[in-house]
Structures are given as structure tokens and as C-alpha cells.
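Engineer: One structure is given below, represented as C-alpha cells, and several questions about it will come after.
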Amino acid sequence: MDNGLVLRSFTAQRRAVPRLGARAAAAAARLVPFAPAREPWPRSGAASFESDVLAGLAQPQKAIPSTWLYDHRGSELFEQITRVHEYYPTRNELQILRSCAREISDAAGPRAVVIELGSGSSRKTRLLLDALDTPQAYLPIDISEQFLRESVAELPSLYAGLRVLPIVGDFARIETLPELAVLRAADSDPGRRVVFFPGSTIGNFTPDAAVALLRRIRRWAGPDALLIVGADSTQDPAALIPAYDDREGVTAEFNLNLLVRINRELMADFDLDAFRHEARFDAQHRRVEMHLVISRAQQVSMLGRSFHFRAGESIHTENSYKYSLPAFQQLAARGGWAHAQRWIDAQARFVVHVLEPIAGARACATDVRLMARDAL
Ligand SMILES: C[S@@+](CC[C@H](N)C(=O)[O-])C[C@H]1O[C@@H](n2cnc3c(N)ncnc32)[C@H](O)[C@@H]1O
């Protein structure tokens, strides 16, 4: 028992995590001493924000990728969401991580290099770092620059010897991030690459885009990597809708903040009072959708362009796909990964998947396009 949550471990194929032989290990990517980053805080892609919003509002179903919900205020609000009563995913994932961190540490081995995708507050990462055997580096990647900077500020003083290299950028383009070039072949001690992807952020991608992302991670991280993904598996709308539409209205403010951001950064004139937040469950696609619904017709201008909104129409701002265990297993396999371990909480709502590359899997398949706007 752990605060009322009984953890069930689905480690049917539990086995010693294979270590590479010396030759293979030499070929695998390794960590060299960190060179000072050329530019530790690159700009976070204002051009993409502008083009994604302009393109998204021109579609018949207006839609904006959920990545853009996370300006500094958006990140603060998301952190508040993780603490509201109705939002079980963070609570349940933390409980699982508290209980399985030691086993993950065994799988990771000593001197691991932890790369986190969409690190947010890095709250969950601390459980991992606490359990790991002398982790050598932590590279959190997030699009929300200032929030990332604040979240990792105290880590170097808490973990002596840990190199912390925050990276502002789009994790969906992991291969193109220049800061990750510091992880390259060398003769020094190779720690295992542990890619940490918690928070059910994978659910923000359409399944095809998630597969493409998993393939990219596999190709980038190499054959000895470990991938830890936290994913919501809940299918019950009675639990899901309140989680995405809490009584305090924090999620509503998080969603509406996108319009505040667009007004400020793209010189738009959305009348915020005309919009309300709505969470919908799409049973066919097994996903929660967030929308901003307008109550009355409105003409919005932005950067010299004009967009018409009919009364009742919406802007689709987030998808959150929910994966049953078999569905996730299939998704992972398409992406070139297989389970080493998986953990589910006693409410059977959330799963932490510990994955390893499938040997010989084709990581570079090109049948799926990965585009930022797929990651609604
Ligand atoms: C659902 S939150 C999860 C935060 C944290 N990992 C957790 O588990 O609480 C998603 C996080 O990913 C970041 N994010 C979203 N899209 C991103 C992208 N394409 N590239 C980098 N970061 C992204 C957001 O800024 C946010 O911090």
C-alpha cells in the first residue's frame, strides 16, 4: 500500500536489462564532457506560433496546437491544474513513480543521462533523480523558456555532480536540437540514455504523430536507450470530464489564456468575454478535447488579417488521447519500442511504461509525417 494506492506491476517479461557489449557500446552514443553551450537559451519559435495560429484559424474546424498553451502563464496554470482535486493524472503518476523509481534505477544503471521531454516543473523528475545511481546529466527540454529556467534553477545545488543543461525547444524535433549534440560518441564512461516523457504529454499527439515521435526518439537515443512514458489510460468520461473542467475553473483559465497570449503576442483583438472553455470526450477516438466556444458572432483581426467566428463555433485547442494497455503496447511497437516494465495504479487510471528499443526495428520509416500541428 502506498497512500491508498496499491501498485500492480505488469512485469510479465521482467528480465535483466541487456547491456551492450564493449564493441556495441563503443558504437552507441555516449556523453562527452559538456562544452559550454553556445547559446543556452535559444528563442522559442515565435515564427511557428504566428504561422500555426494563422493557419489554424483558417481551417473549417479552427484549431491551434496545444503546445502554444504554454507561455509562462500557461505553464503556471498547468502546474496549478496538477494540484486540483479532479486532476488525478499527476497524483496517480507520482504515486507510481514513488513506488517504481528503484526498479527504474536498476534498469537505468549507473551514470545515466536523463533527457526529459516537456519537463514543465520537473517535479516528477526529482523522484527519478533521487533514485538513480549517480546520474551524470539532466537535459530537460521545454518550449516554455522562462518557466523552464525557473524550474531547474535549484537542481544543481540539490544534486551535486549532476550536470543540468536545460534546452528551450520543440522536443518533437529532438534530432535537430543543437544542444543535444553534446551527447556524442566518445571514449568516456557511457551512461545509459534515459528518456523521460511523463505527464501523458504523448496523448497530445494524434496516434500517427505519436508513432512518428517514438520512432524519432528511438533513432536519436540509440539501441541502448530506456524510454519512460507516463500515459493516462482512463476511458470513463465521468472521471475525464471533471479532470479537464475542474470546479475552480483553473483549466478554463489555462485554455482561455491562449487567447490572452494571441492578443498580446500577435496583436489580435479577441473579445475574451465571448469565449468559454469546454471539455468533450470523443469516445470513437478515445480522447478528451478542449475547445474554446464562442457565444456570439465575432470578427477578429490579427496581423492585418481578419477571421470570422459564427456564434457557437469553437477553436479546438487540445487533444488528450487515452490508451488502454493493449493500445499503448501497439503504439509503442509501431514506434519501435517494447515493454521492459509497466506499472498501473490501483484505480487502473494511469500507466508508467518502461520501454526499450526493439532490436532491428526500422526507426526511420517515412510513412507518417510528423508536423507540429499534428500535436494538437
Ligand atoms: C502536459 S505538460 C506536462 C508537464 C510535466 N512533464 C508533467 O508531467 O507535469 C506538457 C509540457 O510539455 C511542454 N511542451 C508542450 N509541447 C512541447 C513541445 N512541442 N516541445 C517542448 N515542450 C513542449 C509544455 O510546456 C509543458 O511543460
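The values are calculated or read from the model by the stated rules, or taken from the named source; none is laboratory data. The structure presented is a predicted model; accordingly, all values stated were derived computationally and were not measured. We place every Cβ from the backbone using ideal geometry, glycine too, and count neighbours over all the protein chains shown.
Engineer: Take the residues in the range 152-165 that are assigned to a helix (DSSP H, G or I) and not small (Gly, Ala, Ser), then tell me which one is nearest to the ligand (Cβ to nearest atom).
Structural biologist: Of everything passing the filter in the range 152-165, Val152 is nearest to the ligand (Cβ to nearest atom).
Engineer: Right, next: Quick one: in the range 130-151, of everything that is under 22 Å from Asp224 (Cα atoms) and within 14 Å of the ligand (Cβ to nearest atom), which residue is farthest from the chain's Cα centre (by Cα)?
Structural biologist: Per the stated criteria, the residue is Tyr138.
Engineer: Follow-up question, since we're still on this one. Quick one: Val195 ticks every box in (1) outside any strand (DSSP E or B); (2) of a type in the set (A, V, I, L, M); (3) more than 12 Å from the ligand (Cβ to nearest atom); (4) under 24 Å from Glu79 (Cα atoms) bar one, so which box is it?
Structural biologist: Unmet condition: (1).
Residues are listed down the side, and each one gets a yes or a no for (1) crowded, with 19+ Cβ neighbours inside 10 Å; (2) in contact with a Cys (Cβ under 7 Å, 6 or more places away or on another chain); (3) within 30 Å of Thr234 (Cβ to Cβ):
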{"site": "Arg123", "(1), (2), (3)": "no, no, yes"}
{"site": "Pro135", "(1), (2), (3)": "yes, no, no"}
{"site": "Leu148", "(1), (2), (3)": "yes, no, yes"}
{"site": "Thr176", "(1), (2), (3)": "no, no, no"}
{"site": "Gly191", "(1), (2), (3)": "yes, no, no"}
{"site": "Val195", "(1), (2), (3)": "yes, no, yes"}
{"site": "Phe205", "(1), (2), (3)": "yes, no, yes"}
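Engineer: May I ask you to list the residues in the range 89-130 that are over 15 Å from Leu158 (Cβ atoms) and of a type in the set (Asp, Glu)?
Structural biologist: Within the range 89-130, Glu93, Glu103, Asp106, Glu116 meet the criteria.
Engineer: Got at least one residue in the range 254-264 being without any contact (Cβ under 8 Å) to a residue 12 or more places away in the chain, under 24 Å from Ser306 (Cβ atoms), part of a helix (DSSP H, G or I) and out of contact with any helix residue (DSSP H, G or I) (no Cβ under 9 Å at 6 or more places or on another chain)?
Structural biologist: yes
Engineer: Another question, if that's okay. Somewhere in the range 127-146, is a residue among the β-branched types (Val, Ile, Thr) and in a strand (DSSP E or B)?
Structural biologist: Among the residues of the range 127-146, at least one is among the β-branched types (Val, Ile, Thr) and in a strand (DSSP E or B), which makes the answer yes.
Engineer: Within the group Val114, Val84, Val32, which residue is at pLDDT 95 or above, surrounded by fewer than 20 Cβ atoms within 10 Å (Cβ to Cβ) and of a type in the set (Val, Ile, Thr)?
Structural biologist: Going through Val114, Val84, Val32 in turn, the sole match is Val84.
Engineer: So, in the range 51-87, of the ones that are within 17 Å of the chain's Cα centre (by Cα) and farther than 30 Å from Met267 by Cβ, which residue ends up farthest from the ligand (Cβ to nearest atom)?
Structural biologist: Among those that are within 17 Å of the chain's Cα centre (by Cα) and farther than 30 Å from Met267 by Cβ, it is Tyr87.
Engineer: Examine the range 116-123 for a residue that is within 14 Å of the ligand (Cβ to nearest atom) and charged (D, E, K, R), and state whether such a residue exists.
Structural biologist: Checked the range 116-123: at least one residue is within 14 Å of the ligand (Cβ to nearest atom) and charged (D, E, K, R).
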